[in-house]
Each structure stands twice: as C-alpha cells, then as structure tokens.
Amino acid sequence: MGGISIWQLVIIAVIVILLFGTKKLRGIGGDLGGAVKGFKKAMKDEDKTAEKSDQKIENQQDASFTSEQSVEKTKEKDQA
C-alpha cells in the first residue's frame with residue numbers, strides 16, 4: 001500500500017526509453033555525471049581554500065602575538 005513495486009518501475013523505465021531513446025538518455029546520464037563530478041570538485045576546492053584561510057589567520061595571529069611579546073620585552077628593557 002503506497003509503495004512502488006518493481007513492475008511499476010519497469011513500466012516507467014520502458015516508457016522513458018521509448019520517449020527519449022537510448023542515445024539521448026546516455027547523453028543525459030553523461031551530463032548528469034559530469035555535473036556531479038564538478039560539484040564534488042568544487043566542494044573539495046572550497047574545503048581546501050577554507051583550510052588555507054584558517055591557517056593563514058592562525059599564522060597572522062601567531063605573528064601578532066610574537067610582535068606583542070617583543071614590544072613588551074622592549075618596554076621592560078627601557079624601564080630597567
């Protein structure tokens with residue numbers, strides 16, 4: 001009740017093949033596969049750029065922390 005049986009799926013597949021033909025379906029499948037690959041590649045690239053920007057921010061924070069320490073040491077030397 002409410003589910004799609006295997007026979008209904010077979011009938012739908014046959015109708016789709018008759019309407020579009022195997023060459024057109026093969027082309028659509030290739031285009032869809034290429035789109036999925038492109039999407040996955042874009043997601044990986046986005047992750048890599050996010051990691052690089054996070055590392056860059058951390059490096060900048062470390063550099064500013066180090067420069068603050070050197071300023072404090074200079075002030076201590078001036079006071080002494």
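The values are calculated or read from the model by the stated rules, or taken from the named source; none is laboratory data. In this text the structure is predicted, and so the values were computed from the model without any measurement.
So the values come out like this:
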item	result
Of all residues making up region 37-66, the number that are among the hydroxyl-bearing types (Ser, Thr, Tyr) and at pLDDT below 75	2
Index of the failed condition, Gly34 passing every other in (1) at positive phi; (2) modelled with pLDDT of 80 or more; (3) of a type outside the set (Val, Ile, Thr)	(1)
